[in-house]
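Have a look at the structure below before the remarks.
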Amino acid sequence: MAQITDPIAVFDSGMGGISVLKEMVRLMPEEDFIYFGDSLHAPYGTKTTEEVRRLTIERITDFIENKHAKAIAVACNTATSAAVAILRTMYPDVPLVGVEPAIKPAVFACDNPRVLVMATPVTLKEEKFHNLEALYDDQAEIYPLPCPGLMEFVEQGDLDGDDLDSYLREKITPYLDKNLTGVVLGCTHYPFVKKEIRAIVGPSVEIFDGSFGTARELRRRIETAGLLRADGHKGQVTFLNSSEDPDKIRLSEYLFKRKI
Ligand code: DGL
């Protein structure tokens, strides 16, 4: 039986989910969080769906059954597409949220929307994404852009180098003549390189990510379950990582503090 004082577990293939964690801490400052990055097995976005599903289910099961997490956030688009539906059937009573590309706000932000969706190859090939795209493709031009290799820049702490800039320019430039109205960051690592993306698409293109919506949804679910803390406790964040490299924890703490 979950206790109100138990922590919330936030999971990602690496450090990307810290962009979502930041919003969660802002919205729920009295909660304790455990952040787990699976950097040892990253990237997830170029693995098979089955492999991503196995890794995600294994970790979430451990959080719920052994680490007494009262709620779960799968703060990874890739892991969400591969495993969240199954996890919901395994743990119907646990407040559990995933993330998905924020296409809806990007489509409703303007008339005649033309939206570039940057995400991992797994996210873009999964049925979950095709269903989401189908909801809006009669109202918008949607351009899915798989970005294998991009999360690695963030994992290595390279947030503004020349190689990153060349990578992004090569990916995004072919779409600049589409007069984009929005860019959706469909991978939780990408908000950490938002400034570099902004420099390429220019100031008039709006950039969307799902962090705030996910944090709000998690808060709602925790509250509905009667598990939201309101006792004046000063919430703590504990960073864990499957990699033994101590730099991973240092980088996690840095990214947590860094302004996006
Ligand atoms: N952060 C992850 C996402 O939101 C994926 C990165 C990866 O492991 O490829 O999709």
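Exposed loop sites here mean GluC sites (Glu not before Pro) with a DSSP loop assignment and at most 15 other beta-carbon atoms within 10 Å; the chain contains its longest site-free run at 31-243. Quick check on my link table: of LYS128/LYS194; LYS67/LYS195; LYS178/LYS248, which ones sit more than 29 Å apart, alpha carbon to alpha carbon? In this structure, LYS67/LYS195; LYS178/LYS248 lie more than 29 Å apart at Cα. When the square roots of the Cα gyration tensor eigenvalues are ordered a ≥ b ≥ c, the ratio a/c for the chain is 1.5 or more and a/b exceeds b/c, which makes its shape prolate.
Of the DSSP H helices in the chain, those with a Cα length along their own long axis of 18 Å or more and a mean Kyte-Doolittle hydropathy reaching 0.5 comprise 77-90.
The calculated 222 nm mean residue ellipticity attributable to helices in the chain amounts to -13000 deg cm²/dmol, summing -39500 (n - 2.57) over DSSP H runs of n ≥ 4 and dividing by all residues.
Taking a ≥ b ≥ c as the square roots of the eigenvalues of the alpha-carbon gyration tensor, region 1-83 is classed oblate because a/c is 1.5 or more while a/b is no larger than b/c.
Values in this text are rule-based calculations from the coordinates and carry no lab data. Note that the structure is predicted; figures quoted are calculated from it, not measured. Don't worry about glycine lacking a Cβ; one is built from the backbone with ideal geometry, like all the others, and counts go over all protein chains shown.
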